[in-house]
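Q: I'd like to ask you about the structure that follows.
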Amino acid sequence: YNNKSGALYIAELYDHATGTWAATGSMSRNYEIPTATLLADGKVMVMGNTPSVEVYSYPPVITTQPASVAINQWRQATFSVTASGGSLTYQWQKGTVNIPNENTATLTLANVQAADQASYRVVVSNSTGSVTSNPATLTVYPDADGDGLTDADEINIYGTDPNNADTDADGLSDYQEVFTYHTNPKLADTDGDGFLDGYEVLTGKSPLDASSHPALVAEARTAIELTFPSAVGKTYRIEGSPDLTTWATVDSGIAGNGGVIQRFYSTRDTPKRYFRVADETAP
């Protein structure tokens, strides 16, 4: 704002990233060899040899523009901006339309869908003026089953079902098989040892090594045996409760056979359990 050769009113901002100065809004009057003090709200107090003091506020300057994002469907996209200037406010836009309640330096879009694919920008303002950022583009890759693999990659590269997160039904998602465990997402038992890949991972064994598999160990658990007489042409429902107050259906649509029906239910993790039988065909 002064070259020490005379009174000036121009102002410039220094960009630390590029090491350059750029002209910005001028001060209200000339100052000769002034001092400048940065205030807490981002404004600058200017004092010169003349008996005058000015609180100077410059228009916002964007120092880091929002970056474009390419991401799978169902994931979270984040855009951010960095700007200088006192008492800044923000308004994010989709295209040129304001997005309600998006008034911070960061825009977060959760569970993105095809409808979210667009350009986004932000208007940064203060009492002196405003500036609009460059547009940033959101590209959304379709991922119908949400397994982390794009539909295109499932069809063209891996040969898996883009509508089924676990194509081979082995307990591991197609993404996990390709990128985490390096198993075959189209083969439930990659190493051919007779155990599903997901079960081997669950038990700490290798789904890629046929010699690494769960040991043959039997485990006995306590169970409830439930029997009741049934009539042909009727259907029955079994309900369970932990307290004789709250009841939930355990089994339903049990067809009567004219004799005794027998069912077994595990009591694992249920120290107290009550059962009752209801006739579903009763009015």
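Q: Take ASP147 and tell me if it is among the charged types (D, E, K, R), out of contact with any Lys or Arg (no Cβ under 8 Å at 6 or more places or on another chain), assigned to a loop (DSSP other than H, G, I, E, B) and open to solvent by 40 Å² or more (accessible area, probe 1.4 Å).
A: On the way: among the charged types (D, E, K, R): yes; out of contact with any Lys or Arg (no Cβ under 8 Å at 6 or more places or on another chain): yes; assigned to a loop (DSSP other than H, G, I, E, B): yes; open to solvent by 40 Å² or more (accessible area, probe 1.4 Å): no.
No; evaluated as a whole, the condition is false for this residue.
Every residue, every condition in (1) among the hydroxyl-bearing types (Ser, Thr, Tyr); (2) in a strand (DSSP E or B); (3) at pLDDT below 75; (4) open to solvent by 70 Å² or more (accessible area, probe 1.4 Å), yes or no:
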| residue | (1), (2), (3), (4) |
| --- | --- |
| ALA67 | no, no, no, no |
| TYR90 | yes, yes, no, no |
| ASN103 | no, no, no, yes |
| ALA115 | no, no, no, yes |
| VAL131 | no, yes, no, no |
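Q: Restricting to the range 141-187, and then to whatever is among the polar types (S, T, N, Q) and farther than 21 Å from TYR199 by Cβ, can you tell me which residue is farthest from the chain's Cα centre (by Cα)? Give the derivation first.
A: Start the filter on the range 141-187 by keeping residues that are among the polar types (S, T, N, Q), which leaves 150, 156, 160, 163-164, 167, 173, 176, 180, 183-184.
Remaining after also requiring farther than 21 Å from TYR199 by Cβ: 150, 156, 163.
On the way: THR150: 16, ASN156: 26, ASN163: 20 Å.
Across the range 141-187, the extreme among qualifying residues is ASN156.
Q: Within the range 76-88, can you find the residues that are part of a strand (DSSP E or B) and more than 20 Å from the chain's Cα centre (by Cα)?
A: First, pick out the residues of the range 76-88 that are part of a strand (DSSP E or B): 77-80, 82-84.
Residues satisfying the conditions are THR82, ALA83, SER84.
Q: With respect to VAL122, is the statement that it is buried (at least 19 other Cβ atoms within 10 Å of the Cβ), part of a strand (DSSP E or B), more than 19 Å from the chain's Cα centre (by Cα) and not hydroxyl-bearing (Ser, Thr, Tyr) true?
A: Values: buried (at least 19 other Cβ atoms within 10 Å of the Cβ): yes; part of a strand (DSSP E or B): yes; more than 19 Å from the chain's Cα centre (by Cα): yes; not hydroxyl-bearing (Ser, Thr, Tyr): yes.
Spelling it out, VAL122 is indeed buried (at least 19 other Cβ atoms within 10 Å of the Cβ), part of a strand (DSSP E or B), more than 19 Å from the chain's Cα centre (by Cα) and not hydroxyl-bearing (Ser, Thr, Tyr).
Q: Quick check on the range 117-129. Is at least one of its residues on the phi > 0 side of the Ramachandran plot and in contact with an Asp or Glu (Cβ under 9 Å, 6 or more places away or on another chain)?
A: No, the range 117-129 contains no residue that is on the phi > 0 side of the Ramachandran plot and in contact with an Asp or Glu (Cβ under 9 Å, 6 or more places away or on another chain).
Q: I need the full set of residues from the range 221-268 which are open to solvent by 80 Å² or more (accessible area, probe 1.4 Å) and over 43 Å from the mean Cα position of the chain (by Cα), in order please.
A: Correct list: GLU225, PRO229, VAL232, ASN257, VAL260, GLN262.
Q: Separate question: For residues that are touching an Asp or Glu at 6+ places or on another chain (Cβ under 9 Å) and hydroxyl-bearing (Ser, Thr, Tyr), scanning just the range 172-209, find the one that is nearest to ASP143 (Cα to Cα).
A: TYR175
The values are calculated or read from the model by the stated rules, or taken from the named source; none is laboratory data. What you are looking at is a predicted structure, and each value in this text was computed from that prediction instead of being measured. Cβ: placed from backbone, ideal geometry, glycine included. Neighbour counts: every protein chain shown. The protein model used for the area step is the full one, side chains on, heavy atoms only, and it has no ligands, DNA or RNA in it. Shrake-Rupley method; radii C 1.70, N 1.55, O 1.52, S 1.80 Å.
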